[in-house]
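Since every read-out is calculated from the coordinates, none of them should be taken as a lab result. Because the structure is predicted, anything quoted here is derived from the model rather than measured. All Cβ positions, even for glycine, are placed from backbone atoms using ideal geometry, and neighbour counts span all protein chains on display.
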Amino acid sequence: MSTPTTVSNIGVVMFTVADQDAACAFYTEKLGYEVRGDSRFGENGEYRWLEVAPPGSTARIALNPPMFGDPGGSAIGVETPDLKAEHARLSAIGGVDMDDLPEQPEPGAPALFMVKDPDGNVITIVEM
């Protein structure tokens, strides 16, 4: 028998980004997220830990410089009670790379659309 996990929550998703300031601006100004943490660390403060999240969310997205290779390639799903309203809100802001609103969800799947940040990370917005 294996020992049960002590992990109880998914708290932080890591997205790699080319420019932390530009990524922060996208998430706060375009998507309406808030900064949850922004601190320097390392011997000379050469590293930065930056977290953003939708208001009210307990989970956060850490916007990190790439540790290996190019930025991008991560994905997360977020939930909304009104998919059409969120799509309309993002469309009105402009400058957001996103799918068209689906006319009807695929059978067996929730209604959703995808947004890409400037580094190619994907945020799937799902109606719950």
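From the alpha carbon centroid of segment 47-79 to that of segment 1-37 is 3 Å. Among 8, 57, 74, sorting on how many other beta-carbon atoms sit within 10 Å of each Cβ, with the fewest leading, yields 8, 57, 74. Counting Lys and Arg as +1 and Asp and Glu as -1 over every other residue whose Cβ lies under 9 Å from the Cβ of residue 112, the net charge comes to -2.
Charge dipole (Cα centre; +1 on Lys/Arg Cβ, -1 on Asp/Glu Cβ; no other charges) of the chain amounts to roughly 340 debye. Tell me, what is the FRET efficiency for residue 122 and residue 36 to the nearest 0.05, using R0 = 22 angstrom and their Cβ-Cβ distance as r? That pair, residue 122 with residue 36, gives E of 0.60.
Determine the sum of side-chain charges near residue 26: Lys and Arg each +1, Asp and Glu each -1, restricted to other residues whose C-beta is under 13 angstrom from that of residue 26. Could the numbers behind the result be given before it?
On the way: positive: 30, 116; negative: 19, 21, 29, 97, 117, 119.
Around residue 26, the surrounding residues sum to -4.
Remark: relative contact order (segment 12-127) = 28 percent; criterion is Cα-Cα distance under 8 angstrom and separation of 6 or more residues.
Quote the Stokes-Einstein diffusion coefficient, in whole µm² s⁻¹, for the chain, based on the Kirkwood radius over alpha carbon pairs, a temperature of 20 °C and a viscosity of 1.002 mPa s. Spell out each step's value before the answer.
Working: Rh = 16.1 Å.
Calculated translational D: 133 µm²/s.
With respect to the chain, whose longest principal axis is taken over its alpha-carbon atoms, helix 83-93 is tilted by about 70°.
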